[in-house]
Amino acid sequence: MRLRILEKRILKAKKLQELLLECIYQGFTLKDLSKILGFTPATLSKWAKGEWLPKERHAVEAIEKLKALVRANSSEYSSIQDLSISNVDPSFVFNAEIPKLKRLSQNTIRKLRSIVYGDVRKLNMSLSYLTFYAGTLNITNKVLLHEAGNIVKKAFNLGLIKYSNAAYVALAALKIASLKLRINVDIKPESYDLDPSKYRQVFSKLAAYFLA
C-alpha cells in the first residue's frame, strides 16, 4: 500500500515538473505561475528544478491548472518537445524519499527506482536543466536552443564532462551557443545556486572544444 502511494506521488511529481518547465519555456515567469497556482515562486522553483516533492493534492491541483494554461498558449509557442525532451528525469524525487525507503526491501527499492528513472538517461537530466534555465532567462530563439541542446549531447557523448556536472553543462552550453550565434545572454550561475568557480571550469573546458 505504501509503495503504491509513493509511486502515485512520484508519477504526479514527474508530470508537474514537465508542465512547469513547459510553462516557463513558453514565457511565464515563476511570479506569473505563483499567482495562478497559489504557491510561492520559491516553491515552484524547487518543484521545477526537482528539489522538493509536492504533496499529492497540491500536485493534482497544479497539474490541472497548468494543463489548461499550456493548452491555452500552445498555439503561440513551440512545444518543449522541440528540444527532444520527452521525459524529464526527476531523480530528486527518489533522493528526497531515500530516508523513507530504507525500511523497504532492496527489490522494492529497485522497482521504485525503475519507476522514477524509466528509460531516462544522464543526458536528459542535463537537457531538463537546459530547458529550465532557458525559460528563466527568457530565451525563445529556437536556433540557440537547438545549438545548446547539441552541445549538451556532444559533451556527454564525447565524454568531455562528468554527469555530476549536469547543471553546469546546461548553463555553459547556453552561454557557448549564444557566443557562437552572437546573441547576448547574461548568465549568472550564482542565480541558480551554482558555484561560479566550478561553472567557469566547466565553461572553459567546453569552450575549448566548441569554440575552437
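With the largest listed first and rounded to whole Å, the semi-axes of the equivalent ellipsoid of the range 122-210 from the Cα gyration tensor are 17, 15, 13. Exceedance of the 18 Å cut-off in Cα-Cα distance is limited, within the set Lys153/Lys198; Lys49/Lys153; Lys35/Lys65; Lys15/Lys46, to Lys153/Lys198; Lys49/Lys153.
Each value in this text was obtained by applying a stated rule to the coordinates, not by laboratory testing. Only a predicted model underlies this, so the values are computations on that prediction, with no experimental measurement involved.
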